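Taking it in order: structure first as structure tokens, then the write-up.
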Amino acid sequence: MTSGGSPAMPSREGPRHIAIIMDGNGRWAARRGLPPSAGHKAGVERIRDLISACKDRGVEALTLFAFSSENWQRPPKEVELLMSLFYSYLRKEARRMAEEGVRLRVIGRRDRLSERLQRAITEAEDITRDGNQGNLVIAADYGGQWDIANAARQLAEQVAAGEREANSINEQTLAEYVQLADLPPVDLLIRSSGEQRISNFILWQAAYSEFYFTDTLWPEFGEVELDAAIAAYSQRHRRYGGRDEDGGLKAQA
Ligand code: IPE
Ligand code: IPE
Ligand code: MG
């Protein structure tokens, strides 16, 4: 059996946890003859409405990929702009999130971010700590490979300290040490902009996520797109490696 209840049931209920690779800001801007920065600014504007749309739809957790561990390779000016947008987003929005009961957390490496940004993250997390109306996770300087290596390192340290046997480490143990472990599993993983790859996002956690790709560029992603993704999700037949009693005929109907 699987941890998600009956493996043979279609996902009649909406997704509890949605993760989004917010892609396409650069192309959105380029189509308008604008620099990537204009796309990133427009992209940030979509987030506020998305959070409340998710809340309205009973989504418990929303995880957004904002900056990958590979995005440092972008031109320095673009990286700087992305970092300053992140900073002002936190400064502007944390208070509002707290009022709305949204709990914020940031996942990823922190040590490569400026001290000022690290402080803003800690503050935003502190201000929203008591939120119980939903979770917003922002992945910044995040890589799925880093996440798994980070979990492995923590377990290795416990072994080295004599606190754990190496042979106690298995999938369940690792699963407790990767990011998002305390949230519901990621049911639905959305990527905008037409690219169909994971780009080092949640590699471990997406093992049984349903994927939804849309050509819409991130600055144009709104409620209509969200509903289309959720509608597609509700038609999916999640099996978790199991088999339906009818051999899958109902799923085909
Ligand atoms: C996604 O938009 C935002 C980040 C990666 C930070 P892009 O900037 O990757 O947009 P495209 O892929 O160039 O259109
Ligand atoms: C993934 O998008 C990272 C984020 C959206 C934050 P990229 O634009 O960096 O991914 P690639 O380079 O197309 O794979
Ligand atoms: Mg991109």
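The values are calculated or read from the model by the stated rules, or taken from the named source; none is laboratory data. Keep in mind that what you see is a predicted model, and the values were worked out from it rather than measured. All Cβ positions, glycine included, derive from the backbone under ideal geometry; neighbour counts span all protein chains shown. Accessible surface areas use protein heavy atoms only, side chains included; no ligands, DNA or RNA. Shrake-Rupley method; radii C 1.70, N 1.55, O 1.52, S 1.80 Å.
Observations, loosely collected:
- Using the Karplus relation 6.51 cos²θ - 1.76 cosθ + 1.60 with θ = phi - 60°, the per-residue 3J(HN,Hα) values for the stretch 192-200 come to 8, 5, x, 6, 10, 8, 9, 6, 6 Hz, with x marking Gly and Pro.
- Estimated inter-spin distance, Ala206 and Glu123, nm [label 7 Å along Cα→Cβ]: 3.3
- These residues, Ser68, Ser88, go from largest to smallest accessible area, 1.4 Å probe, as Ser88, Ser68.
- Relative contact order, percent, the chain [alpha-carbon distance under 8 Å, six or more residues apart]: 32
- Reducing the stretch 185-250 and the stretch 75-99 to their Cα centroids gives an inter-centroid distance of 27 Å.
- Database remark: amide H of Leu104 closer than 5 angstrom to the amide H of Thr128, Leu136 (H placed geometrically; neighbours at sequence offset of 5 or more, or on other chains; Pro and chain starts carry no H).
- Kirkwood hydrodynamic radius (C-alpha pairs) into Stokes-Einstein, the stretch 161-253, 25 °C and 0.890 mPa s, D in µm²/s: 152
- Computed from Cα atoms alone, the Kirkwood hydrodynamic radius reported for the chain is 19.5 Å.
- Relative contact order of the stretch 133-253, defined on C-alpha pairs under 8 angstrom at six or more residues apart (%): 22
- Distant-in-sequence amide H partners of Phe211 (H built 1.01 Å from N, under 5 Å): Leu189
- Close amide H contacts of Ile20 (hydrogens built in the peptide plane, cut-off under 5 Å, sequence separation of 5 or more or a different chain): Thr63, Leu64, Phe65, Ile190.
- The order of the peptides 238-248, 95-105, 150-160, 184-194 by mean Cβ neighbours within 10 Å, most packed first, is 184-194, 95-105, 150-160, 238-248.
- Kirkwood-based shape ratio for the stretch 15-119, expressed as Rg/Rh from alpha carbons: 0.96
- Convex hull projection area averaged over all views, the stretch 142-187, Cα basis, nm²: 3.6
- The chain - share of DSSP beta bridges that are antiparallel (%, nearest 5): 5
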